[in-house]
Amino acid sequence: MNILAISGSLRVGSTNTLIIKAVADRLPSNVSLTLFDGLDDLPHFSPERDTDPSLPAVVHLRQAIQKADAVLICTPEYAFGIPGVLKNALDWTVSTVLFNHKPVGVMSASPGYAGGERAMASLLPTLQALDTRIPEGGALVVSAVKGKMAPDGTITDAVTDAALKRLIAGLVELMGAQERGSV
């Protein structure tokens with residue numbers, strides 16, 4: 001089983017990308033994780049640009065989602081919402097069925113003590129519109145993230161580590177159920 005991970009941050013050394021890497025270290029041996037590398041290459045979405053054949057960067061995104069058994073999104077909070085580049089990427093999938101019933105785990109990591117909740121609140125309706133399946137425990141907000149991880153991305157907070165493990169377990173369980181056809 002393969003999880004496609006999308007970091008909503010383009011910043012080098014992003015804590016959101018580091019959390020994705022921490023998730024990868026906690027996956028069972030039968031699950032792999034691929035970090036999507038083309039968020040910054042996507043053109044601004046417009047329905048007029050959503051043509052056949054699609055633009056190469058859009059094809060790259062759509063193929064990555066199609067090949068994945070699940071998607072994991074980790075995003076910072078910018079101006080009480082998700083970054084425009086992440087929303088833009090999701091908008092490029094609206095005219096497809098790529099996310100229909102696909103298991104999706106979502107995280108928002110913020111350096112502030114009260115950050116991340118609004119990013120999550122703006123992301124979840126978009127994922128609902130895309131008809132994704134978020135498992136029980138599959139949405140996680142990590143506020144004050146820099147106090148919960150070492151500079152290399154090692155999770156140092158036991159509560160955050162346990163929440164990551166629950167998110168992973170729920171996502172893996174849902175992927176397995178879909179693979180067996182029991183969902």
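The values are calculated or read from the model by the stated rules, or taken from the named source; none is laboratory data. This is a predicted model, so every value here is computed, not measured. Here Cβ is always computed from backbone atoms with ideal geometry, including for glycine, and neighbour counts include all displayed protein chains. Keep in mind that these areas ignore ligands, DNA and RNA; they rest on the heavy atoms of the full protein, side chains included. Shrake-Rupley method; radii C 1.70, N 1.55, O 1.52, S 1.80 Å.
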Requested in this report: Return a yes/no flag: does the stretch 138-149 have any residue that is open to solvent by 10 Å² or more (accessible area, probe 1.4 Å) and more than 17 Å from residue 16 (Cα to Cα).
Outcome: no
Query raised in the report: In the stretch 126-162, what count of residues is obtained for those that are among the small types (Gly, Ala, Ser) and touching a residue at least 24 places away in the same chain (Cβ under 8 Å)?
Result: 7
Query - Of residues in the stretch 156-169 being closer than 12 Å to residue 107 by Cβ and of a type outside the set (S, T, N, Q), the one most open to solvent (accessible area, probe 1.4 Å) - result: 166
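Residues are listed down the side, and each one gets a yes or a no for (1) under 14 Å from the mean Cα position of the chain (by Cα); (2) of a type in the set (Lys, Arg); (3) surrounded by 19 or more Cβ atoms within 10 Å (Cβ to Cβ):
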position: 37; (1), (2), (3): yes, no, no
position: 50; (1), (2), (3): no, no, no
position: 60; (1), (2), (3): no, no, no
position: 66; (1), (2), (3): no, no, no
position: 71; (1), (2), (3): yes, no, yes
position: 74; (1), (2), (3): yes, no, yes
Query raised in the report: Just a yes or no: is a residue in the stretch 32-45 modelled with pLDDT under 95, among the hydrophobic types (A, V, I, L, M, F, W, C) and in a loop (DSSP other than H, G, I, E, B)?
Result: no
Query - So residue 96, is it over 18 Å from residue 5 (Cβ atoms) and either more than 14 Å from the chain's Cα centre (by Cα) or open to solvent by less than 10 Å² (accessible area, probe 1.4 Å) (or both) - result: yes
